[in-house]
Structures are given as structure tokens and as C-alpha cells.
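*Asks:* Can you read through this structure? Questions will come right after.
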Amino acid sequence: MSDERKIQEVLARYVRATDRRDGKAQGALFTDEAVVQIHVKTGRDSYEPFGEPLIGGAGVEFAVEHLMAPHPEGGSSHHTTADHIIDIEGDSARMSAQFVVFSVQAAARPADGWPDGVFGAQGTVRPIESGYYETGLRRVDGEWKIVKHDIFMDMPIAVTGA
Amino acid sequence: MSDERKIQEVLARYVRATDRRDGKAQGALFTDEAVVQIHVKTGRDSYEPFGEPLIGGAGVEFAVEHLMAPHPEGGSSHHTTADHIIDIEGDSARMSAQFVVFSVQAAARPADGWPDGVFGAQGTVRPIESGYYETGLRRVDGEWKIVKHDIFMDMPIAVTGA
Amino acid sequence: MSDERKIQEVLARYVRATDRRDGKAQGALFTDEAVVQIHVKTGRDSYEPFGEPLIGGAGVEFAVEHLMAPHPEGGSSHHTTADHIIDIEGDSARMSAQFVVFSVQAAARPADGWPDGVFGAQGTVRPIESGYYETGLRRVDGEWKIVKHDIFMDMPIAVTGA
């Protein structure tokens, strides 16, 4: 497998872990010193950092387990990535990707079954977030690990009262 | 072309065939003994099978031609896939992918032209389904074919009266 | 890096340039004689050309700088591509891709902060366009450049009064 594909699959595992709220699987993709920072867009080409960076796989694991809202009953999500640009130099790499997050809410089947004339998948799929991931990786013992992960959000993030 | 890319292009042809309701093109991607099963999500990590499996390229072709609703006038769809993870062992392979389905409905151009001030693409693009494809493939005479295709839907599927 | 990946990254740069309305970056991806044509869907398998073709990198640069609507305050977009099929023959290549365009509008933070109970990303992400890119490329001095770019839109495009 090419290194570019290996690197892209790190992100493919990242989004699955996020969507399953699996902090252990997600943390394992990062080095101990990795720095993860969210940025929010403030203008055409300008962003500002949002909150403090997470540090290392342990920090990522904690955040996923304790700070991300669990899915409600019937809820799922898909962090999808597209249009990757990957540059490798020796044991270092940079990856840029677009992301769109979809929030899924399944409809509950009525106790007496679906009504007449209703058919197909029942529920809603809504895009709720988007932006760019800019990710630095390093090859450690033959495996690509994330050392820096910058999440550039298109939209501001509300914190109550702030 | 790498085997990983060849395998990913099988899925790229699968989604185009689905969206064009081209049963012949879609069936040709499967072996005669292939097993295709839909599953619907019932809890955080649980799914249950939906309906009976389709068997082989002929079964897939029949289903696409006879069981999928045709697009209405002005309608299109896009089954899009993202974040593939591909593992190859000799002549066998497994691929995992996220999918999001978009339903497109073009607006009809008014008989006397578009009103003043209206501009850009006219119609709606709506995400309607999502989940994961988990696909097994085998190299047959140098070509990758699908031998198993599990569709894990995030949402339940309504069948009238059921 | 494989030629397939290099070719796919041309499209990855194209969508970023479009979304940033960066005509210079976008024009640089095309040869001087490149032909870019939009087509709109008129039936199941039929399309008709929309407007005149753009010619060359200079034509693309002009169109991006002068004909694309700028994003409003708080606005962003993401042209995302998926399910690429790439065929290379010597120094020529063809790429087919699905595209979905998302329009993003950030909410403005209220002067006295976000209200109680509001949290997460604030704004809307809406899919607004979709279709297929069918792109021809040629290797020029070792770099892949677009020589033909056909944009097949699922929906009609309104031009006031037309």
C-alpha cells in the first residue's frame, strides 16, 4: 500500500472513531505529544483558535469520551472527508482534507407498523458542520501517527454565555 | 494502477450504476454467488438484517431493474462514498466505506422563463440515507469482483403495513 | 506519488480554488487551450450545453474573478468530489467524479453572547448543486494539466428573463 493511502486511512479511522465516540481508537492515532487545535472562521481567510489545544492521544481520548455529546436514541453521525492533498517528505507528511459532518436521526417505527404509503429509509440526514482538516503526521516504527491536527471550522461554536 | 484503487473504482462504478438504475452494469460487478444483504441499525453497535439477501450479479440486476423506484421527472440521485479502508490479502480484499445518498429534484423552468432575480441552479439536493458499505471482493481472471456486500443503514426502512 | 493520485489532486486543488474564489490558482490548473463547458440535465441520459465554453486558464481565471458571486459575510462553500474513475494512457488521462456543492452560512454571534442552552457550531450547511465532472488531462513538462472539463449539472441554471 502506498504511503499516501496509509496516511489517508489514518483519517478514515479517525472519522469512524469520532462517529462511534470511541476515544481509545481515536487516541491511538495520535502521538503522545500531538497538538490538536480547533479554529473558527472569522473572515474570508482568517480564523481564530477556539479553546485550548488537546495534547496527545490521551487528551484526544479524554475529549472524545467526556466532552463530545453522545448520540441520542436513534442518532448517528458521519464525519466525511474529501479531496485530500498529501505531501510526504521522508518520515513526515502533511494532509489537507475537506470535511462535512452529517447528523442522522432515525425515525422510530410506530407500534402498529409504518403507515400505508410510507416507504424507504425513515429519518433525517442533515449536514451540520464543515471545514478543513490540516494534519501533520510522522512515521513512528513504520506506522503513520498524527502529530498535529488543525480543525478549521466554517462556523463559530457557541459556548453558553460566552 | 494499484489494487487498492482498482477496488475503490469497483465501488465508484457501483454507485454510478445504482444512480442510473442500470441493473446490467451493476450486476456485472458481482460474482454469480455474491451475497448482498441490507442491515438496519437498531442500537449503538447493533444492526438487524432487513429482508432476504440478493444472490449474485443476476439477483442484483433484477433488484435494480424491478425493485428500485425510478427517478421522477427531473429527479437524480448520487450515492457518494468516502473514507475507504481497504485490506488486500492475495486475491481477496475487504473494503469499508461510508456512504451518503443525495436525492436531487430539478425545478421545472417556467413556460415564460425564470422570474427576475432568480439565478443559479434551480432545484433541491437532499441527503436522504447514510451508513456504511462493508464489501468483500475476490480477484477473478485478473478483475476484482464483489463476493459479499453488506449495507449498514443508519435508519429503519419502512415497508407498508410491516 | 502515483499518476492517478496526482490527477486526483488536480481536482482537489480545483475545488479549493473555486471555494476561495481564487481565479489565479484555478486558472493555473488548465492549459491555454483548455475547453470548459457546463451542461444541464434535460432527461434521464440527456444534457444540453449551458452558455459558451470558457477557453484556457485565462478564461477560467476571468470567470472565477468576475462571474462567480462572492460569498456573503459569514459565507463559505465546499465543492466536494467523490468516487473518481481515472484512466491514463501515456500522457493523456480521463477522470470522472461525482460532485456535491455545499453552501455554508455562519450565524453571527449576538453582541451579548450566545443564549443559554445554545451550543455547538452555529449556522447552516446546505447542499445546493450536484452532478458529474468529466475531465481530460494531459501531462505537460511532467505536470498534469486540465485540457477539457465538462460539468454535468443535475439541475437547470436560471438566467434572469431567459
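The values are calculated or read from the model by the stated rules, or taken from the named source; none is laboratory data. Given the structure is predicted, the values throughout are model-derived calculations rather than measurements. Using ideal geometry, Cβ is built from the backbone for each residue, glycine included, and neighbour counts are taken over all protein chains shown. These accessible areas exclude ligands, DNA and RNA; they are computed on the full protein's heavy atoms, side chains included. Shrake-Rupley method; radii C 1.70, N 1.55, O 1.52, S 1.80 Å.
*Asks:* Residue B:155 is checked against (1) out of contact with any strand residue (DSSP E or B) (no Cβ under 8 Å at 6 or more places or on another chain); (2) surrounded by 16 or more Cβ atoms within 10 Å (Cβ to Cβ) and fails just one. What number does that condition carry?
*Replies:* (1)
*Asks:* What is the one condition in (1) within 14 Å of chain A (Cβ to nearest Cβ); (2) open to solvent by 50 Å² or more (accessible area, probe 1.4 Å) that residue C:21 does not satisfy?
*Replies:* (2)
*Asks:* For region A:1-31, name all the residues that are out of contact with any helix residue (DSSP H, G or I) (no Cβ under 8 Å at 6 or more places or on another chain) and of a type outside the set (S, T, N, Q). Break it down into steps so the answer makes sense when it comes.
*Replies:* So the first thing to find is which residues in region A:1-31 are out of contact with any helix residue (DSSP H, G or I) (no Cβ under 8 Å at 6 or more places or on another chain), and the list is A:3, A:6-12, A:15, A:19-20.
Of everything in region A:1-31, those that are out of contact with any helix residue (DSSP H, G or I) (no Cβ under 8 Å at 6 or more places or on another chain) and of a type outside the set (S, T, N, Q) turn out to be A:3, A:6, A:7, A:9, A:10, A:11, A:12, A:15, A:19, A:20.
*Asks:* Mind checking which residues of region A:132-152 are under 21 Å from residue C:118 (Cα atoms) and in contact with a Ser or Thr (Cβ under 8 Å, 6 or more places away or on another chain)?
*Replies:* Across region A:132-152, there are no qualifying residues.
*Asks:* Could you check region B:7-55 and list, in sequence order, the residues that are out of contact with any His (no Cβ under 7 Å at 6 or more places or on another chain), acidic (Asp, Glu) and not in a strand (DSSP E or B)?
*Replies:* Across region B:7-55, the qualifying residues are B:9, B:22, B:45.
*Asks:* I'd like the full set of residues that are at pLDDT 95 or above, surrounded by fewer than 18 Cβ atoms within 10 Å (Cβ to Cβ) and of a type in the set (Gly, Ala, Ser), limited to region A:108-141.
*Replies:* Result: A:136, single match.
*Asks:* Mind listing whichever residues of region C:97-112 are facing chain A (nearest Cβ under 9 Å) and not β-branched (Val, Ile, Thr)?
*Replies:* Of all residues in region C:97-112, those facing chain A (nearest Cβ under 9 Å) come to C:100, C:102, C:104-109.
Scanning region C:97-112 gives C:102, C:105, C:106, C:107, C:108, C:109.
*Asks:* Keeping to region B:1-12, report how many residues are open to solvent by 10 Å² or more (accessible area, probe 1.4 Å), at the interface with another protein chain (Cβ under 9 Å from one of its Cβ atoms) and within 13 Å of residue B:133 (Cβ to Cβ).
*Replies:* Residues that pass the stated criteria total 1.
*Asks:* Scan region C:25-40 residue by residue and report those that are within 14 Å of another protein chain (Cβ to nearest Cβ) and open to solvent by 50 Å² or more (accessible area, probe 1.4 Å).
*Replies:* C:38 - this is the single residue of region C:25-40 that is within 14 Å of another protein chain (Cβ to nearest Cβ) and open to solvent by 50 Å² or more (accessible area, probe 1.4 Å).
*Asks:* Restricting region B:50-96 to residues that are among the hydroxyl-bearing types (Ser, Thr, Tyr) and within 11 Å of chain A (Cβ to nearest Cβ), which is surrounded by the most Cβ atoms within 10 Å (Cβ to Cβ)?
*Replies:* Of everything passing the filter in region B:50-96, B:80 is surrounded by the most Cβ atoms within 10 Å (Cβ to Cβ).
*Asks:* Name the pairs whose Cβ atoms lie under 6 Å apart, with the first residue in region B:124-137 and closer than 15 Å to residue B:77 by Cβ, the second open to solvent by 50 Å² or more (accessible area, probe 1.4 Å) and modelled with pLDDT of 95 or more, and 6 or more positions between them or separate chains?
*Replies:* Hits for this filter: B:124/B:105.
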